[in-house]
Amino acid sequence: MLQKITFYGFLTTILLAPLPFGSNREWSWTTLALLIGLWVFLDTLPFNQQENKEKSQLKKLLFPALLFSLFCGWSFLQTVSLSPTSSLPHPLWQEAQSILNIQLPAAISLNPQDTLQSLMIMLTYGGCFWLSCRVCHAPEKAKIVLNAFMVASALYAFYGLIVYFLDLKTILWFDKWAYKQDVTSTFVNRNTYATYAALGTLVSIAVLFQSIGKHLHDHLTPRQTIRILIENISQKAWFPFTAFLLNITALFQTHSRGGFLSLIIAMALLLACLAYIRLIPRKLLISFFAVVGFGAVFALSMSSDLTLKRLEGTSLASSARDDVYLATTEAIKSAPYIGTGYGTFQEGFKPFKSDSEMLSWYDWTEAHNTYLELAMETGIPATLLMISLFLLLFYINMRAVMKRRRRQIYAVVSAAAIVLVAAHAVVDFSLQIPGFTVSFLLIAGMGWAQSWTSKRRRKA
């Protein structure tokens, strides 16, 4: 009974996380952290353990847990007060001491409080991934997670489209204060919601072909394939197809260039992997690209030509982001190994933007490139630790796609999700929004849990 409470409580928490502004407010991310902590605590109780699977699960998670712990440990060390004579504290602490003429508790972090807060959110992410790996070890629960996320993403997309087409300009019962002409659903930032909708699109496509893939064969002609597709979609796979249309339509209505291009990259991998595991006939892969492309064109035709115009105008030279990237790179050079403190981009970036007219007008709180921002805050070694963790997840997923004989669909979705967020992190900061990140980690943890073959099955 307690296992069911833990599973459904955790799943409900993640599915509702995007509701309060993407959980990107102090009260909402604190509540999210408390709830994830509660479910982790219940999962660790001795009478809530799964049947003799604990040791094997812990061994599989040992190395990623080590990487994650090293990153969190370094982030905590950044907050520790050091000797004023030490060379490790940021130079701004010394400047502040000389100006104020008082002794300050110098640390590597420019703002230890913000670093601790960011560390709390990171630990929440770790707990989310841990629980997803644990609860999705059972195939039936992994299936529930995949389908539940598909339904949730479709509902968020439906809500966002209703608000958009009725021109309500609201988020829940609040008036919008940003992106009034774009779909944002319950998120504030259109780019973050675009990534969430893209994740929902990938999951919907995977569930769709999981439902109808057994009816498709290499010997079918394109005409027969389309007929079987239409028959199966209309009879038993109508909801995954509807979820796909809702999510991709909502994504286009965000008018997010980064979200659109990231989805294209991730969808290419998704369809290629579906063909590899024979849920899509390999000879007809091009036809399926055309079918999915038709759905995308249909959604794009409903979003006017604003997205296309923004894509045509995509150029770093026409925006301030190239200046942000250059200034962030200079900030990284000032402390390449120890950083300015996790979560301190705003404070650490200010000295490097003063000479730029393009940057001086705005108080930049994000670098719009997660890799550069993380390298500036935590240093290059810690950033490489985090990148290595994602590469490990991707490797395990792709190994499962190529070597497993059953239930590869979960590894396929997880690998495509990793590519999606990795691509979008180059141009934006969706991974810094808790409501999106816990949703992504739910899928990633599910993929990790289902990417391993038990010893019993290998012997059989």
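The values are calculated or read from the model by the stated rules, or taken from the named source; none is laboratory data. These numbers were taken from a predicted model, which means no experiment stands behind them. Ideal geometry is used to build each Cβ from the backbone, glycine not excepted, and the neighbour counts take in all protein chains shown. Surface areas here come from the heavy atoms of the whole protein model, side chains and all, with no ligands, DNA or RNA. Shrake-Rupley method; radii C 1.70, N 1.55, O 1.52, S 1.80 Å.
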Would you be able to tell me the number of residues in region 5-19 that are open to solvent by 30 Å² or more (accessible area, probe 1.4 Å) and farther than 15 Å from A142 by Cα?
3
Just checking, does region 429-442 include any residue being out of contact with any Ser or Thr (no Cβ under 8 Å at 6 or more places or on another chain) and among the β-branched types (V, I, T)?
no
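Can you pull out every residue in region 391-443 that is of a type in the set (S, T, Y), in contact with a Phe, Trp or Tyr (Cβ under 8 Å, 6 or more places away or on another chain) and farther than 28 Å from R25 by Cβ? Explain how you work it out, then say what you get.
Kept after step one, since they are of a type in the set (S, T, Y), are these residues of region 391-443: 395, 410, 414, 430, 437, 439.
Restricting the remaining residues to those that are in contact with a Phe, Trp or Tyr (Cβ under 8 Å, 6 or more places away or on another chain) gives 414, 430, 437, 439.
The answer is S414, and nothing else.
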Just to be sure I understand the filter: pairs with C-beta atoms under 7 Å, separated by 6 or more residues or on different chains, first member in region 56-70 and open to solvent by less than 90 Å² (accessible area, probe 1.4 Å), second member outside any helix (DSSP H, G or I) and among the aromatic types (F, W, Y). Which pairs pass?
K60/W452
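Determine whether region 149-169 contains at least one residue that is touching a helix residue (DSSP H, G or I) at 6+ places or on another chain (Cβ under 6 Å) and closer than 15 Å to S414 by Cβ.
So the first thing to find is which residues in region 149-169 are touching a helix residue (DSSP H, G or I) at 6+ places or on another chain (Cβ under 6 Å), and the list is 149-150, 152-154, 157-158, 160-161, 164.
Still in the running and closer than 15 Å to S414 by Cβ: 149-150.
Checked region 149-169: at least one residue is touching a helix residue (DSSP H, G or I) at 6+ places or on another chain (Cβ under 6 Å) and closer than 15 Å to S414 by Cβ.
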Just one of (1) open to solvent by 30 Å² or more (accessible area, probe 1.4 Å); (2) free of Cβ contacts under 8 Å to residues at least 12 places away in the same chain trips up T170, so point out which.
(1)
List the pairs whose first member sits in region 71-97 and is under 21 Å from F352 (Cβ atoms), whose second member is modelled with pLDDT under 70, and whose Cβ atoms are under 8 Å apart, counting only residues at least 6 apart or on separate chains?
W93/L104; Q94/P84; A96/L104
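Could you check region 342-459 for helices (runs of 4 or more DSSP H) lying wholly inside it with 1 or more residues that are at pLDDT 95 or above, in contact with a helix residue (DSSP H, G or I) (Cβ under 9 Å, 6 or more places away or on another chain) and open to solvent by less than 40 Å² (accessible area, probe 1.4 Å)?
Numbers: elements: 345-349, 357-360, 370-378, 380-403, 409-424, 434-449, 455-459.
So the answer is 370-378, 380-403, 409-424, 434-449.
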Check V163, V145, V183 and return the single one that is over 30 Å from W93 (Cα atoms) and touching a strand residue (DSSP E or B) at 6+ places or on another chain (Cβ under 9 Å).
V163
